[in-house]
Ligand SMILES: Cc1cc2nc3c(=O)[nH]c(=O)nc-3n(C[C@H](O)[C@H](O)[C@H](O)COP(=O)(O)O)c2cc1C
C-alpha cells in the first residue's frame with residue numbers, strides 16, 4: 001500500500017493526480033487529507049470538490065478513476081489505522097503537496113496526526129518517504145527542515161517544472177511532476193520520456 005497525504009499547500013491537484021496514476025498502475029492507495037488540505041482543495045478545485053471531504057467522491061466526479069476498490073481513506077486523527085504502524089503493510093508514503101508546517105513536523109518527529117506518524121514510521125522502518133514541498137521563496141527554517149528530512153532518508157521532489165520537455169499546458173507540467181514522483185517510487189510510467197530516448 002502506498003500512503004498519499006495531501007496537505008494545505010498550493011498544488012493539491014498534484015495529490016489527486018498522483019492517486020489517479022497509482023490506481024491506474026494497479027496499486028493499493030491509502031489517502032489522508034489534512035484539514036488545511038481540504039481548505040486548499042476548496043480554494044483551488046472548487047467548493048463542490050471539497051464538499052463531502054471524500055477523495056473517492058472527488059475522483060468519481062472527475063470521471064477518471066472508475067475502480068476505487070483499491071482506495072482507502074483515513075481521517076488524519078485515526079491513529080490506529082494501518083499507516084500508523086510499522087507492521088501496517090505500507091510500502092511508501094508520499095506527501096504531495098507538502099506544506100512547510102508538515103515538513104517541519106516530519107523533520108522533528110512531531111507525529112501528532114496520522115499522516116505525520118506515517119512519515120515517522122516510514123523513516124524509522126527505512127521505507128520510502130517522498131515529500132513534495134511547496135513554498136517560495138524559502139526561509140532558512142524551511143531549508144534546515146529539508147536538510148533534516150534528507151539526513152533521515154526522505155526523498156524531496158520539489159514540484160519544479162523542467163523546460164527541456166517543452167511544456168505547453170499546465171497539464172504537461174503536472175504530468176512531468178507526477179512522472180518524477182512515480183520515478184522515485186520505482187513505478188514504471190509514460191508521463192515523460194527518459195532522457196536520451198526519442
Ligand atoms: C489557499 C492556501 C494556500 C496555501 N499554500 C501554502 C503553500 O504553498 N505552502 C505552505 O507551506 N503553506 C501554504 N498554506 C498554509 C498552510 O495551509 C498552513 O500552514 C497549514 O497549517 C498547513 O497544515 P497541514 O500541513 O496540516 O495541511 C496555504 C494555505 C491556503 C489557505
Just grab the label-to-label distance for residue 48 and residue 35, each label 7 Å out from Cα along the Cβ direction, in nm (one decimal). 2.8 nm
Whole-number D in µm²/s for region 87-177 (Stokes-Einstein; Kirkwood sum over Cα pairs; 4 °C, 1.567 mPa s): 93 µm²/s
In a solvent-free Debye calculation with one equal scatterer on each Cα, what is log10 I(q)/I(0) for the chain at q = 0.09, 0.10, 0.14, 0.15 Å⁻¹, listed in the order of the q values? -0.30, -0.38, -0.77, -0.89
With each label point set 7 Å from Cα along the Cα-Cβ vector, what nm distance links residue 171 and residue 112? 4.2 nm
Convex hull volume per residue in cubic angstrom - Cα atoms of region 29-145: 110 Å³
Residue-span extension gain [residue 68 to residue 56] - 0.36 nm each, minus C-alpha spacing: 3.6 nm
Summing -39500 (n - 2.57) over every DSSP H run of at least 4 residues in the chain and dividing by its residue count gives a helix-only mean residue ellipticity at 222 nm, to the nearest 500 deg cm²/dmol, of -12500 deg cm²/dmol
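Based only on other Cβ atoms within 10 Å, what is the fewest-to-most ordering of 191, 110?
Details: 191 17, 110 14.
Starting with the residue having the fewest Cβ neighbours, the order is 110, 191.
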How high is the FRET efficiency between residue 160 and residue 189 when r is their beta carbon distance and R₀ equals 22 Å, given to the nearest 0.05? 0.75
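Every read-out reported here was derived from the displayed coordinates using simple, explicitly stated rules and does not represent laboratory data. Everything quoted here is computed from the prediction, not taken from an experiment. Positions of Cβ are generated from backbone atoms using ideal geometry, with glycine treated the same way; all protein chains shown enter the neighbour counts.
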